[in-house]
Amino acid sequence: MTSDKINAADAGTWRFGDLTVNRMGFGAMRLTHLADGSPSDRERVTAVLRRAVELGVDHIDTAAFYFSPTRSANELINHALAPYGEDLVITTKVGPGRDPAGNWYWAEPDQLRGQVEENLRQLGRDHLDVVNLRLPPSAAERPLAEHFGALADLRTAGLVRHLGISNVGADHLAEAREIAPVVCVQNAYGIGAPAEQDALLDTCGELGIAFVPFFAIAGAGREAGVVAAEDERIRRIAAAHGVSAAQLRLAWTLNRGPHVLAIPGTGNPEHLVENIAAGALRLSAQELDLLDAA
């Protein structure tokens with residue numbers, strides 16, 4: 001398929017509350033630096049963002065803590081895409097934060113407004129479409145009510161349109177829904193994910209909540225990128241379709257349910273086209289069974 005025929009709409013659509021988006025989106029984490037930590041090329045990643053929108057991407061996932069010594073993902077998005085199209089949905093995350101030196105901290109509830117306002121300033125917007133409360137791994141058994149309640153107040157005040165949660169379990173979802181509507185759950189997920197994440201994905205589908213995996217391509221590689229050694233079943237099925245293992249991983253994720261979205265990130269224009277093309281890949285039941293076992 002030539003790039004002029006590739007479109008994010010090929011993956012279908014889902015919704016964040018009253019906002020409908022193409023299921024194939026774009027993640028901004030890779031905009032600021034390469035996998036080895038070296039700086040990204042500003043002109044190149046600006047072109048990638050603009051090309052993503054040209055190819056139908058209307059959902060961009062970002063965060064104020066996506067920055068390097070020389071780049072800020074939010075400000076790159078602002079530079080490349082403002083004034084924003086009416087159909088462009090930008091989601092961001094709060095909870096984790098980084099000081100100017102890059103040191104991480106976990107925000108207290110009364111610090112969340114400052115994080116929201118920082119995202120607004122960097123993006124050049126008067127409200128945020130979707131804000132995810134991101135929990136740190138250390139909060140696996142910790143209630144989120146106080147933090148999520150603070151975000152619910154910001155939603156009431158009009159700074160935030162919709163709320164989601166990230167890096168969470170089923171108990172967190174139930175707890176958050178007692179406080180305010182949850183439009184999405186954003187967790188690490190891909191081929192080989194643990195059974196509890198499969199169950200949470202299914203629960204989101206039953207509730208009409210978007211499930212948005214991150215690290216869907218990288219799998220065990222996580223921030224370092226795609227794993228070096230792929231399972232033979234993944235390589236074989238990818239070869240049969242004439243696609244890369246990364247494209248197959250994305251397609252498998254999208255095949256998990258109509259409520260599952262994808263937010264692959266890249267600063268490479270060729271990888272961008274490949275990622276979006278994966279939204280049109282359809283897998284047979286037999287192939288899905290083989291990948292489920294991978």
Select, from Thr20, Thr92, the only residue that is surrounded by fewer than 18 Cβ atoms within 10 Å (Cβ to Cβ), closer than 26 Å to Gly158 by Cβ, among the hydroxyl-bearing types (Ser, Thr, Tyr) and in contact with a Ser or Thr (Cβ under 6 Å, 6 or more places away or on another chain).
Thr20
Going residue by residue through region 17-28, is there one that turns out to be part of a helix (DSSP H, G or I) and of a type in the set (S, T, N, Q)?
no
Any idea which of Asn103, Asn119 is over 19 Å from the mean Cα position of the chain (by Cα) and either of a type outside the set (Gly, Ala, Ser) or surrounded by 15 or more Cβ atoms within 10 Å (Cβ to Cβ) (or both)?
Asn103
Here the qualifying pairs (Cβ atoms under 6 Å; residues six or more apart or on different chains; first in region 164-175 and small (Gly, Ala, Ser); second at pLDDT 95 or above and assigned to a helix (DSSP H, G or I)) come out as Ala170/Leu200
Which condition breaks for Glu43 when tested against (1) part of a helix (DSSP H, G or I); (2) surrounded by 13 or more Cβ atoms within 10 Å (Cβ to Cβ)?
(2)
Any idea which of Pro264, Pro258 is under 23 Å from Thr46 (Cα atoms), assigned to a loop (DSSP other than H, G, I, E, B) and at pLDDT 95 or above?
Pro264
If a residue must be in contact with a strand residue (DSSP E or B) (Cβ under 9 Å, 6 or more places away or on another chain), over 20 Å from Leu19 (Cα atoms) and of a type in the set (A, V, I, L, M, F, W, C), how many such residues does region 162-175 contain?
2
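The values are calculated or read from the model by the stated rules, or taken from the named source; none is laboratory data. All figures in this text were calculated on a predicted structure; none of them were measured in a lab. Positions of Cβ are backbone-derived with ideal geometry, glycine not excepted, and every protein chain shown enters the neighbour counts.
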